[in-house]
Amino acid sequence: MSGAVVTSSGDHHRGFHQCPNVMRDKYASKIGVDGYGFINYLMSWANTNATLSVRRMMSDLGVSQSKLGRIQTGVLEHCGHFITMTPGDRVNANRWHLDMERLWAENALHLAQSYAERMAAKGVSEINTPPKSPAGVY
């Protein structure tokens, strides 16, 4: 296992990243909390021209080398349509690439579907009915 160089393309803002809701809602259950953290970690290092050593990644993420390998395998298995990895060797680091345009497009679809589901569940209120009180308010 070698370190990582992370690049991204598409709608990605340097110096600040926001993890799309689809990552939490759709993929976190598949890749686990560690995988979700790993993707956030990759986003934060994207396009910085930094080469991250395996030791640095293990320290930052608080995992062992074998667990880091399992996390990376899970992320590539479930999120391979917007995250790619080109393996490195003992001299050159692995190259991770995030296609943020695809990720944000998938997030937009996810948000639209979530909104449609919420509105369908809410239904149309009857005329002259008092508004429902929010849950948890007495």
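For the range 90-116, filtering for residues that are at pLDDT below 90 and surrounded by fewer than 13 Cβ atoms within 10 Å (Cβ to Cβ) leaves 2. Among residues of the range 42-55 being surrounded by fewer than 18 Cβ atoms within 10 Å (Cβ to Cβ) and in a helix (DSSP H, G or I), the one that is modelled with the lowest pLDDT is Ser44.
A count restricted to the range 56-89 and to residues that are surrounded by fewer than 16 Cβ atoms within 10 Å (Cβ to Cβ) and part of a strand (DSSP E or B) stands at 2.
The values are calculated or read from the model by the stated rules, or taken from the named source; none is laboratory data. Just so it is clear, the model here is predicted, and its values are computed rather than measured. Cβ: placed from backbone, ideal geometry, glycine included. Neighbour counts: every protein chain shown.
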